[in-house]
Amino acid sequence: MDEKRLIEEITRRVLANLQAGGSSQDPNQVPVGVSVRHIHISAADLEVLYGPGHQLTPMRDLYQEGEFAAKEVVALVGPKMRILENVRILGPVRNRTQVEISRTDAIYLGLNPPVRPSGDLKGSSPITLVGPKGTLVLPEGCIVANRHVHMSPSDAQRFGLQDNDLIQVEVLGEKSLIFNNVQVRVKDNFRLEMHLDTDDANASGITTGAAARILGKQQ
């Protein structure tokens, strides 16, 4: 097993252990996944970038059931004509293309995308995607994803929370931070996990596999 696959396997086991509560007696603890820049894409837009009939090629499964990192990557181009290359597409395909970047990425590209929940794209930033077979100019679709916690209905019941509640979450570690305005996302197949982008993760000095603690609803 090469080093990259070994790290991925260790991370997967740590997350599974946290999910099962095996590493802590704290019932409010949740695992953290760091979400790097990525793209969710529609089938039609995928064909523009990769050619007619192209389908995503799964590379590795993600922590959330049914989601995967695809082999396909594209370049992002902003109004400053700066480029972010090899931005990973995540599957499966969606009804609408969505680009998620950090605030640091946005400054580099010359964009000012809003902080939004996934799927809330009205009035979001325009951006250009370049693939091996074509270029796609989106009039909107680029966001900085909000902080959120995935959880199943049983997890939500245990925490006394509902879908779209806003909560406070403390990320644990040497640079422990309390994050406000963390959205609760509840769905039958969701596995308990907090998602932070790279800016928030760097600010708190953590990587995927770190632990956080739900403090309660936003006051």
Per residue solvent-accessible surface (Å²) - the chain, probe of 1.4 Å:
52 Å²
Where does the chain land at 222 nm, in deg cm²/dmol rounded to the nearest 500, when only DSSP H runs of n ≥ 4 count, each adding -39500 (n - 2.57), divided by all residues?
-6000 deg cm²/dmol
With an 8 Å cut-off on Cα pairs and a minimum separation of 6 or more residues, tell me the relative contact order of the chain in percent.
24 percent
Beyond 27 Å between alpha-carbons counts as too far, so tell me which of 71/175; 71/133; 175/217 fall in that bin.
71/175
Quick check on region 136-178: take the gyration tensor over C-alpha atoms, sort the square-rooted eigenvalues as a ≥ b ≥ c, and tell me if it's rounded (a/c under 1.5), prolate or oblate.
oblate
Between region 29-71 and region 83-108, how many Å separate their Cα centres?
10 Å
Of the residues 107, 87, 57, the Cα lying farthest along the dipole of the chain towards its positive end, which is defined by charges on the beta carbon of Lys, Arg, Asp and Glu, belongs to 107
Considering only the chain, what is the antiparallel percent among its DSSP beta bridges, to the nearest 5?
70 percent
Given a Förster distance of 30 Å, report the FRET efficiency between residue 176 and residue 59 from their Cβ-Cβ distance, rounded to the nearest 0.05.
0.35
Only bridges with both residues in region 98-145 count here: give the DSSP antiparallel percent, nearest 5.
55 percent
Å³ per residue enclosed by the Cα convex hull of the chain:
133 Å³
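The values are calculated or read from the model by the stated rules, or taken from the named source; none is laboratory data. Treat the numbers as computed from the prediction; the structure is a model and nothing was measured. Cβ: placed from backbone, ideal geometry, glycine included. Neighbour counts: every protein chain shown. Surface accessibility is based on the protein's heavy atoms, side chains included, excluding ligands, DNA and RNA. Shrake-Rupley method; radii C 1.70, N 1.55, O 1.52, S 1.80 Å.
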